[in-house]
Every structure is written in structure tokens, then in C-alpha cells.
Amino acid sequence: MENKEKNFVSAVIYVHNAEVRIGNFLKSIIDVLEDNFEHSEIICVNDSSTDESCSRIKEVSQNAGSTSLSIVHMSYFHGLEAAMNAGVDLAIGDFVFEFDDTVLDFEKEEIMQVYQRSQQGYDIVSAVPNRRERFSSRVFYHIFDRFTSLTFKMHTESFRILSRRVINRVSSMNKTVPYRKAIYAAQGLKSDVIRYEPNHLENVRYDKQERRYRSELAVDSLILFTELGYRFSIAMTVFMMLMSAFMVLYSIAVFATSHPVAGWTTTILFLSVAFLGLFGILTVVIKYLQLLVNLVFKRKHYSFEGIEKLTK
């Protein structure tokens, strides 16, 4: 291709025990970058792989052309989010591709379609396979969308591209990004989704360590980025309030119509009020924790989608 793109692009690839797929996947990414960009780099984040993933990467690097290729070796298993944060922190591109997996179920042209869409004013563009999501993913995204104020609808993405503006804004907010998709969606920048038809269906099997990590990540994300915990505590407080009121009335009725054991009425009244107060205090504590989370992970005075300059 004679007229290559002038923007410097980075591709960050998450690698964990992917020796079977990483070779072909990496070759495809290199081909796209070599054919379309004058300057590019690839950062493979090796998240404590125990197979021959790094050997496959080194073999492919011998034919990487002008594309710079690096491997970031994590000291121990960090999980997808922390490992990808490390790769993005090291990326120097004007635009950064994030590949959360090495499943090549898309055509090479999809990468450039995502890039071209980003050139139309979108800071975040995601590629989403047009297939039915896993049941666990559907449940997670449904709960997440139900209990969050974000207008951006979550999907199971294959990869995405980020502008340098997104990365800079996230970096200015905090140093720890526990769930990137939620943080990106909270920036208020212009985003878009491109759906593609998968060229094949591949059922990726995660090892025990990664399955446990993804389960914990889902729970942590629901607690940190949604109002699920607060809503639950409010519901329980209301329920206990109604139960306490019922127990108070019941205790008074029993005391007035029968002869309960000495101290029974007082004990029941005390426990009813005590439980109501306990749940009320827990609700206040959870609300304070939610405010702290908002300050830590969503710390920004304002956010704007873009600036339109009308005159010179």
C-alpha cells in the first residue's frame, strides 16, 4: 500500500497460555499493521504463561518487518485487567488497539474498519461478534446495565481501539483501573460499536486460575461500578423496618391479650428496634463506601464528549 496511515498505532495483546493460537493471531496483526501504517508497535503482555506462548511470539517476531514487537513479562499471574493496564501504560501510539484474547474469529479487514471509524470522531470503537453471548455474560451485563447510570451498553468485545485522549483522561483520574470497559464508558467520550460476523465459532476454555479470576472480577465490578449493593441494603432495611413494625404490634397485642413470659415483650421490642437500627447503619455505611468508590474510580469534575470550534 503506497499511502499508509501517518498515525502511530500500538497493539496491546493479552497472552496467557495461548501457544496454540498466538502464532497465527500475531501474524495477522503484523500483516495489518505493516500494510496500513508507517509506524506501529505490538506489545504482548505475557501474564505468567506456563506453556510455549513466548517461544511462539519470538518465532513470529523474526518476520515482524518494521513493526516493533515487545513482550511484557508479568512477575506473576495478574489477570486480564491489570496485565492490559501494564501494556497500555507502555504503549506510545496515538491510537491503541486492545486485544483481550487471541481468538482470531474476525477478518483482518475488521481491524481497519474499527480504525477508520475512530477517525470519524470516535474516541472508543469496539468490535463485537454478532453471536449469542454466554449465559453468564448475559446475566452479568443485564445486571450491570440495570444498576448503573452509564448509558453505554456493555457487550462481549473481541477488541477495541482507544484514542490517546481516552488514555490520558483515565490516567489523570486514577492509577488503578479494576475494570477497563466500565472506566472507558464513564469518560463521557464519543464511542461506537461495530458488529461483525464471526468467520468461525471457537469455544475458548480458560484454565482454573483464569476462570476464578474472571468470576471474582465480575463480582468486584458489580460492587464497584453499580448500585447493586446499595439497592440491596435499602431493600433489606425497608423489609426489616416492616418486620420491626409488625413485631412491635405483635408484641403489644400478645402483651395485651395474653400472659407472656416475663421479659418476653421487652426482649422482642428491643430486638426489633435493634435489627432495624443495625440495617439502617449498614445502609449508611454502604452509601459512604459508594461515595468513596465514586471519588476514587470516577473522580472527575466534569466530562465532555467533544469540542466544536466554529470560528478561527
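The values are calculated or read from the model by the stated rules, or taken from the named source; none is laboratory data. Only a predicted model underlies this, so the values are computations on that prediction, with no experimental measurement involved. Note that we place each Cβ from the backbone using ideal geometry, even for glycine, and neighbour counts take in every protein chain shown.
Data for the structure
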| read-out | value |
| --- | --- |
| Test: residue in the stretch 191-204 that is more than 25 Å from H142 (Cα to Cα) and modelled with pLDDT of 80 or more | yes |
| Test: residue in the stretch 177-190 that is assigned by TED's automatic domain parsing to the domain that holds M84 and either of a type in the set (D, E) or in contact with a Gly (Cβ under 7 Å, 6 or more places away or on another chain) (or both) | yes |
| Residue identified as closer than 16 Å to A11 by Cα, more than 22 Å from the chain's Cα centre (by Cα), assigned by TED's automatic domain parsing to the domain that holds I161 and not aliphatic (A, V, I, L, M) among E98, E41, E52 | E41 |
| Any helices (runs of 4 or more DSSP H) falling wholly within the stretch 17-121 and containing at least 2 residues that are buried (at least 21 other Cβ atoms within 10 Å of the Cβ) and small (G, A, S) | 80-90 |
| Identity of the residue in the stretch 246-299, under 23 Å from Y179 (Cβ atoms), of a type in the set (A, V, I, L, M) and in contact with a helix residue (DSSP H, G or I) (Cβ under 6 Å, 6 or more places away or on another chain), that ends up modelled with the highest pLDDT | I286 |
